[in-house]
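To start, the structure under review is shown below, and the notes come after it.
The values are calculated or read from the model by the stated rules, or taken from the named source; none is laboratory data. The structure displayed is predicted, hence computed values, not measured ones. In this analysis, Cβ positions are derived from the backbone assuming ideal geometry, glycine residues included, and neighbour counts consider all displayed protein chains.
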């Protein structure tokens with residue numbers, strides 16, 4: 001197909017934007033950065049003067065390689081980041097998700113995005129394209145300039161890292177689509193009701209809480225380990241939230257959760273990870289960095 005003024009770029013954009021956003025968001029963990037990458041790719045498409053025979057493969061290749069460049073350039077920034085670096089959540093309405101600010105091909109568990117941070121950029125590219133989006137190793141190799149054998153090796157290495165038994169702040173990982181809606185809903189309801197006793201019953205003994213303030217708001221710089229210490233911090237937070245703010249039900253990456261608001265402005269978004277058997281909450285993620293709450297702000301503005 002030759003790219004010229006006769007091409008319907010709007011139709012191509014509508015058709016492939018959800019897929020391209022899925023790739024970029026999974027790789028970068030930042031929805032605005034993912035949107036920027038997708039927009040850049042479509043600008044590049046319109047400026048392309050040579051013939052493109054496979055438009056889907058061409059666009060996927062452009063997005064993947066732009067994301068790899070972004071990941072390499074952001075490594076230094078993450079090493080100087082204050083406190084844990086958590087991905088930006090996709091926040092949508094709790095009322096049946098009537099509006100989708102961002103269209104994901106699949107809902108991917110927020111906890112999975114967290115543990116994917118341990119992968120190298122190239123491992124993450126192969127893992128995202130293969131495990132979560134189902135592309136072949138041959139296709140992936142063509143897009144990232146690696147052989148099929150290399151891609152299989154990168155995939156295996158990434159899987160080993162994600163399936164490691166090391167007890168750190170990212171483990172254990174949840175399935176891609178955890179069947180834990182009821183557990184998350186119970187935590188959300190108990191939090192909004194200020195029922196700390198009910199919350200404690202949902203937490204595993206080795207629960208870890210991580211807060212991402214990015215040095216821009218007051219937040220715990222180090223992970224909070226153990227159910228007793230997590231309970232103490234949650235009790236303190238709940239007393240402040242319910243006294244001075246409001247707690248709104250939302251959906252975070254496809255799972256029911258909540259966000260805290262002060263003066264009708266989003267202040268913190270909560271997301272959870274679960275034990276592999278879904279019996280308890282193993283991780284509590286609190287995203288407070290204002291740079292990662294733009295989606296929540298836009299959601300509130302649309303519903304105001």
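The residue that is farthest from residue 60 (Cα to Cα), counting only those in segment 132-151 that are outside any helix (DSSP H, G or I) and touching a helix residue (DSSP H, G or I) at 6+ places or on another chain (Cβ under 6 Å), is 147.
Yes/no matrix, rows are residues, columns are (1) within 22 Å of residue 138 (Cβ to Cβ); (2) outside any helix (DSSP H, G or I); (3) touching a helix residue (DSSP H, G or I) at 6+ places or on another chain (Cβ under 9 Å):
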site	(1), (2), (3)
56	yes, no, yes
60	yes, no, yes
63	yes, no, yes
77	no, no, no
82	no, yes, no
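Note on segment 234-248: residues that are closer than 20 Å to residue 183 by Cα and surrounded by fewer than 16 Cβ atoms within 10 Å (Cβ to Cβ) amount to 1.
Per this entry, residue 64 is counted among residues that are farther than 30 Å from residue 288 by Cβ and surrounded by 21 or more Cβ atoms within 10 Å (Cβ to Cβ). Residues that are modelled with pLDDT of 95 or more and at positive phi within segment 104-144 are absent altogether. Each residue in segment 253-278 was checked for being in contact with a helix residue (DSSP H, G or I) (Cβ under 8 Å, 6 or more places away or on another chain), at negative phi and surrounded by fewer than 22 Cβ atoms within 10 Å (Cβ to Cβ), and 4 of them qualify. Please go through segment 155-192 and give me each residue that is assigned to a loop (DSSP other than H, G, I, E, B) and at pLDDT 75 or above, ordered by number. Listed by number, the list holds a single entry, 163.
Taken together, 31, 93, 74 contain a single residue that is touching a residue at least 60 places away in the same chain (Cβ under 8 Å) and more than 15 Å from the chain's Cα centre (by Cα), which is 93. Taken as a whole, the condition of being at pLDDT 95 or above and in the same structural domain as residue 33 (by TED's automatic domain parsing) applies to residue 152.
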